[in-house]
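First up is the structure itself, then whatever we jot down about it.
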2 protein chains.
Amino acid sequence: MPSKNAFYAQSGGPTAVINASACGVLQTARQHSDEINKVYAGRDGIIGALTEDLIDTSIETDAAIAALKHTPGAAFGSCRYKLASLYEHREQYERLVEVFQAHDIGFFFYNGGGDSQDTAYKVGQIGAVLDYPIVCIGIPKTIDNDIPITDCSPGFGSAAKYLSTCIREATFDLSSVSRTSTKVFALEVMGRHAGWMTAACALAAEQEGGAPHVLLLPEVVFDERRFLAKVKQATERYDYCVIAVSEGIKGPDGEFLSAGVKDAFGHAQLGGVAPIVTNLIDEKLGYKCHWAVADYLQRSARHIASETDVQQAYAVGCAAVEFAIAGKNAVMPAIRRLSDSPYRWDIIEAPLSEVANQEKLLPPGFISHDGFGITAAARRYLAPLIVGEAYPPFKDGLPDYVRLQNVAAPKKLVKEFAV
Amino acid sequence: MPSKNAFYAQSGGPTAVINASACGVLQTARQHSDEINKVYAGRDGIIGALTEDLIDTSIETDAAIAALKHTPGAAFGSCRYKLASLYEHREQYERLVEVFQAHDIGFFFYNGGGDSQDTAYKVGQIGAVLDYPIVCIGIPKTIDNDIPITDCSPGFGSAAKYLSTCIREATFDLSSVSRTSTKVFALEVMGRHAGWMTAACALAAEQEGGAPHVLLLPEVVFDERRFLAKVKQATERYDYCVIAVSEGIKGPDGEFLSAGVKDAFGHAQLGGVAPIVTNLIDEKLGYKCHWAVADYLQRSARHIASETDVQQAYAVGCAAVEFAIAGKNAVMPAIRRLSDSPYRWDIIEAPLSEVANQEKLLPPGFISHDGFGITAAARRYLAPLIVGEAYPPFKDGLPDYVRLQNVAAPKKLVKEFAV
């Protein structure tokens, strides 16, 4: 079989280690030039394929590709673009075939979360339906850790390490001032419907009962009375209370707590559930509160990445190319846990049809009886994922990250395509 | 002269490195047991002296004291308690004399910002006025960098390194998604009236014109029209815009921008100027925005401390004890810059009378012509302060910080004192 070119793209919210997966893909492809000729990266995910905006990665040096392993963000740009089904929107798929054909692309690698695995799955259908043979492999990525089958999602371990480190450090600060000033600190955590990241904050506890004292998980309905009682109890017992609050918590009415927040001008405010719960505490319990919203910091903090996570992100990138070369199709490399302690794992295949569009929430067995903490089983699951430091190089006191050249390959098609 | 005991306390907001100063004080005192017997630490700053709540540091192991060098927070507790003048509130000072006499304290070390140097200065007056000879030495500390005479304040360099690292990382994230989604990211920075920390965010720029594109400094009046024009210009030119906004910015009316923010329940919100400026952008320019508020994270992020800052924090602690033993009084060890590049510094004496209650703002020569950036002079000043990494040890994936035993020395006075 003559060698074909490959398409690789990144999708959804970036993570601290998605570029480590890119590094795995590109380095492994370079080692298999008999099977894979050039790797074209889609600028901004699948949009790059639809608009024929293909980045020629072959002009990047080996050193630049290696530096991706320690660089946050999505080096080729990302998107949240969902393909409709082949039957609803056949012209999108015909366009993909046109572009792939024009650039002799025989391999499709798509790096993202549940929605992105759906894209990879759908693109895989053009082989049978549009008679364009292409190997489609998904590569898992999300700080939310909500992709099924894989034991964990690359990106999650580093976000978990960042968040638990923040909680531990803020606790050292808070416990210094709680006798004379601030009693409560709340950190707002991403993750939408899935509480994995909020749960990971619990790893910060120095001992049983240590901070964080209260987790507000999106899997548990927010109950104001019970929450305030829990905060009061912790504050009376420890003199201070640390809270990790998921951006996605909902009240008994099923509405996000953060919905309906207005600023001074009466405009709806973007996010910010931490100020809401701390205002509630201030008003009902009279405790002085501080709050933080980490936002993008939690998904880009490569400086405090988990070495375990970096290794896994790199490994799924390498495995994706190896799977493709081995003739596998419509699969995603998934992490399989072999043991908790010592932590051992390997890579298996997950069918794209089973991972696409699924959302793996925190299981009930991981949530403590009162709903404000995690169980020993959750701790066993989470603990190994944050282990190991993988510091990036520093220059002049700052992390030295790489910016690729990202030069577009010459277009071969006359027709433009609107996305 | 027979050896006397010493009193050491921490005051104001903790930093990532105030315990490095404590380490310097305690290790140096232990090396001079002929002159200094025990070091008692005040629990919660000067309040510990007034309430006779003295922590006996002699029971802590050398290893625990050494671990303070890499532990954030204020190990002995902190406060924001201001002493009135000796003439207004003489009984406070008489109480201090009582406590010091009961515990044979001849040295007073007070570790904090401008307000705390005022406390050290006032306590120094009990020698002359109340006839209780005591050596008083201030030790500088503040993330705000607003203490005069000293070239920089220990704590600032680490906060500056943390913030500029966050800005750089968030920029890698934002630039991945800006073509298809979020255009603006704003990070809210502490510092109240002084813009040093917001200015330090500018170090994150990878090249001339790089992010952050807009600094909102408290030294510059917030002008909505000019601000929006600047954001629009940056976004049109770079496709995205990164903003560092000081919590202390004020409008033309002299009011804090963050005043008057109401939450969904109509209650005043605690802080949060980043959501205000991003809402403004969203409404007037239609750009999708994200924002983060680092709050305590920026002053406790010991995991990304500046090695330069750790060295200076430790050095001022050591110097304070050496000054005291050399018979100096009513002074504060200050950092003197000898050259920018290579960066060289030493320690000099600053009279407490000249540092107490002064606030050193960003000088006009450090602020760019348009008010939204910094000058080359500012960059020369700031750059060396974030250099070097000083990672703490990690255990199970998390920083391994020390908690001291903090055992109180037996009280010798019957009388209690209300603070």
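Lys and Arg at +1, Asp and Glu at -1: add these up for the other residues within a Cβ distance under 12 Å of A:ALA194 and post the number.
Values: positive: A:ARG192, A:LYS360; negative: A:ASP144, A:ASP146, A:GLU219, A:GLU247, A:GLU359.
Once all neighbours under 12 Å are counted, the net charge is -3.
What separates the Cα centres of region A:181-214 and region A:361-405 is a distance of 12 Å. Ignoring lysines fewer than eight residues from B:LYS411 along the same chain, the ones with Cα atoms less than 16 angstrom from its Cα are B:LYS38.
Classify region A:188-232 as rounded, prolate or oblate, taking a ≥ b ≥ c as the square roots of the eigenvalues of its Cα gyration tensor: rounded when a/c is under 1.5, otherwise prolate if a/b is larger than b/c and oblate if not. Kindly include the intermediate steps, with their values, before the conclusion.
Details: a/c = 2.65, a/b = 1.04, b/c = 2.55.
Oblate, since a/c reaches 1.5 and b/c is not below a/b.
Within the protein assembly as shown, antiparallel bridges make up roughly 35 percent of the DSSP beta bridges whose residues both belong there.
Give me the angle, in degrees from 0 to 90, between the Cα long axis of helix A:90-102 and the longest principal axis of the Cα atoms of chain A, rounded to the nearest 10. The angle comes out near 60 degrees.
Shielding of peptide A:153-161 by partners, expressed as the average count of other chain Cβ atoms within 10 Å per residue Cβ, is 1.
Per residue, the average separation of C-alpha pairs within less than 8 Å and at least 6 apart gives chain B a relative contact order of 23 percent.
Checking the Cα-Cα distances for A:LYS141/A:LYS161; B:LYS82/B:LYS122; A:LYS69/A:LYS328; A:LYS230/A:LYS288 against a 19 Å cut-off, the pairs over it are A:LYS69/A:LYS328. Could you give, in nm with one decimal, how far B:GLN405 is from each other copy of that position, shortest first, with labels 7 Å out from Cα toward Cβ? Going from nearest to farthest copy, the values are 6.4 nm.
The calculated 222 nm mean residue ellipticity attributable to helices in chain B amounts to -10000 deg cm²/dmol, summing -39500 (n - 2.57) over DSSP H runs of n ≥ 4 and dividing by all residues. Each of the GluC sites (Glu not before Pro) that DSSP puts in a loop and that has at most 14 other Cβ atoms within 10 Å breaks chain B; the longest unbroken stretch is B:89-205.
Starting from the Cα of A:GLN101, move 7 Å in the Cα-to-Cβ direction to define the label point; list residues of region A:131-150 whose amide nitrogen is under 20 Å from there. Counting only backbone N, you get A:131-136.
Comparing mean-square fluctuations of B:GLY286, B:GLY114, B:GLY397 from a GNM of chain B with C-alpha springs under 10 Å, the top value falls on B:GLY397. For B:LYS250, which aspartates and glutamates qualify as cross-link partners when the Cα separation must be under 15 Å and same-chain residues fewer than eight apart are set aside? Answer for B:LYS250, where 15 Å is the Cα cut-off: B:GLU188, B:GLU219, B:ASP223, B:GLU224, listed by chain and number.
Within 10 Å of each Cβ in peptide B:73-80, how many partner chain Cβ atoms are there on average? Round it to a whole number, please. Intermediate results must be reported in sequence, preceding the final value.
Numbers: counts 9, 5, 3, 1, 6, 7, 5, 3.
Whole-number average of other-chain Cβ neighbours for B:73-80 is 5.
Each part reduced to its alpha carbon centroid, region B:231-260 and region B:39-74 end up 41 Å apart. Here the Karplus relation 6.51 cos²θ - 1.76 cosθ + 1.60, evaluated at θ = phi - 60°, turns the backbone of region B:282-298 into coupling constants of 4, 6, 8, 10, x, 8, 5, 10, 10, 9, 9, 10, 7, 6, 4, 4, 6 Hz, with x for every Gly and Pro.
Placing one identical point scatterer on every Cα of the protein assembly as shown and ignoring solvent, what is log10 I(q)/I(0) from the Debye formula at q = 0.04, 0.05, 0.11 Å⁻¹? Each listed q maps to, in turn, -0.18, -0.28, -1.23.
Charged neighbours of A:ARG379, selected by a Cβ distance under 12 Å, balance to -2 (K, R count +1; D, E count -1). Here chain B is treated as an ellipsoid with the same Cα gyration tensor; its semi-axes, largest first and in whole Å, are 42, 22, 20. Near A:VAL189, the amide H atoms lying under 5 Å from its own belong to A:VAL245, A:SER246, A:GLU247; only residues 5 or more places off or on other chains count, and H is placed 1.01 Å from N. What does a probe at B:ARG337 reach in region B:137-177, counting residues whose amide N is under 12 Å from the point 7 Å along Cα→Cβ? Residues B:150-153 fall inside that zone. Out of every Cα-Cα pair in region A:43-118, what percent are more than 20 Å apart? Result for the distance tail: 39 percent. The residue in chain A that lies nearest, by its beta carbon, to the axis linking chain A with chain B is given here with the distance in whole angstrom as A:VAL293, 2. Across the identical copies, the 7 Å label point of A:GLU94, projected outward along Cα→Cβ, sits 9.7 nm from its counterparts, in ascending order.
Ascending distances from the B:PRO342 label point to its copies in the other chains, with the point 7 Å along the Cα-to-beta-carbon line: 4.2 nm.
Loop-located chymotrypsin sites (Phe, Trp or Tyr not before Pro) across region B:13-102 with a Cβ neighbour count of 10 or fewer within 10 Å are B:TYR87, with loop assigned by DSSP. Between the Cα long axis of helix B:18-31 and the first principal axis of chain B there is an angle of about 30°, rounded to the nearest 10.
Label region B:329-399 by shape, choosing from rounded, prolate and oblate, from the square roots a ≥ b ≥ c of the eigenvalues of the Cα gyration tensor; if a/c is under 1.5 it is rounded, and otherwise prolate applies when a/b is larger than b/c, oblate when it is not.
Values: a/c = 1.81, a/b = 1.14, b/c = 1.60.
Cα axes put region B:329-399 in the oblate bin.
If you run the Gaussian network model on chain B, springs between alpha carbon atoms under 10 Å, then out of B:SER258, B:SER11, B:SER368 the most flexible one is B:SER368.
Can you tell me what share of the DSSP beta bridges in region A:162-310 is antiparallel? A percent to the nearest 5 is fine.
On the way: 2 of 16 bridges.
Antiparallel bridges: around 10 percent, rounded to the nearest 5.
Listed by chain and number, the aspartates and glutamates whose alpha-carbon sits under 18 Å from that of A:LYS415, ignoring those within fewer than 8 places in the same chain, are A:GLU52, A:ASP53, A:GLU91, A:GLU94, A:GLU98, A:ASP104. On the protein assembly as shown, 49 percent of the accessible area sits on carbon and sulfur atoms, based on a 1.4 Å probe. Backbone amide hydrogens, once placed in the peptide plane, bring B:GLY388 within less than 5 Å of A:GLY397, B:GLU307, excluding anything fewer than 5 places away on its chain. Against chain B, whose longest principal axis comes from its Cα atoms, helix B:156-177 is set at around 20 degrees. Note on B:275-284: average number of Cβ atoms from other chains within 10 Å of each residue's Cβ is 4. Across region A:323-332, computed HN-Hα scalar couplings (Karplus, 6.51 cos²θ - 1.76 cosθ + 1.60, θ = phi - 60°) run 4, 4, 5, 6, x, 6, 8, 6, 10, 10 Hz from first to last residue, x flagging Gly and Pro. Here the spin labels are modelled as points 7 Å beyond Cα on the Cα-Cβ line, and at A:GLU208 and A:ALA63 they lie 5.4 nm apart.
The values are calculated or read from the model by the stated rules, or taken from the named source; none is laboratory data. In this text the structure is predicted, and so the values were computed from the model without any measurement. Positions of Cβ are backbone-derived with ideal geometry, glycine not excepted, and every protein chain shown enters the neighbour counts. Ligands, DNA and RNA are excluded from the accessible area calculation, which covers all protein heavy atoms including side chains. Shrake-Rupley method; radii C 1.70, N 1.55, O 1.52, S 1.80 Å.
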